[in-house]
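No lab work stands behind these numbers, since they all come straight from the coordinates. What you see is a predicted model, and the numbers here were worked out from it, not measured in a lab. Quick reminder, even Gly has a Cβ in these numbers, built from the backbone with ideal geometry, and neighbours come from all protein chains shown.
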Amino acid sequence: MRSLVLAAGLLGCLAALAVPAARGATGTSLTITYFADSDRRGEKVRWTLSCAPARGNHPRPVATCRELGRLGWQAFRPVPEKTACTDIFGGPQLAIVTGRVGGRRVWVRLTRTDGCQIERWDRVPSLLPPGGAR
């Protein structure tokens, strides 16, 4: 009886974890093209990611779908005009993200050229490799 109660509790916890990611990530299908150095565009990696269920050749599909389910398409919102950004270079990395998040079309170019762009890069931590100047 005790193991039955524990199993039921475990299943309830797992279901609670799965539902938010699946709901918010429904209609998410992305292609992520990553360049470790924006000056060497021939050297790229291309990942695919679909959510609900998480699949594709992306290295961290479950974590990324969970984050996108929580943040939605706004994870890719641009920096508002006239925003003061720190003049700090975060690295030569470049990523182009295209597709849909939560059914909404996205096309975004992510770089690490200043503080605002670094913040955009880091908004969905599992989407891209960590940056850093070489």
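Quick look at the numbers
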read-out	value
Residue-count net charge about Thr33 - beta-carbon cut-off 12 Å; Lys, Arg +1, Asp, Glu -1	+3
Potential lengthening between Arg109 and Arg40 on full extension [0.36 nm per residue; Cα-Cα distance subtracted]	23.3 nm
FRET efficiency, 1/(1 + (r/R0)^6) with R0 22 Å, evaluated for Arg60 and Ile96 via beta carbons	0.75
Relative exposure of Thr28, Thr86, Thr111, judged by other C-beta atoms within 10 Å (fewest first)	Thr86, Thr111, Thr28
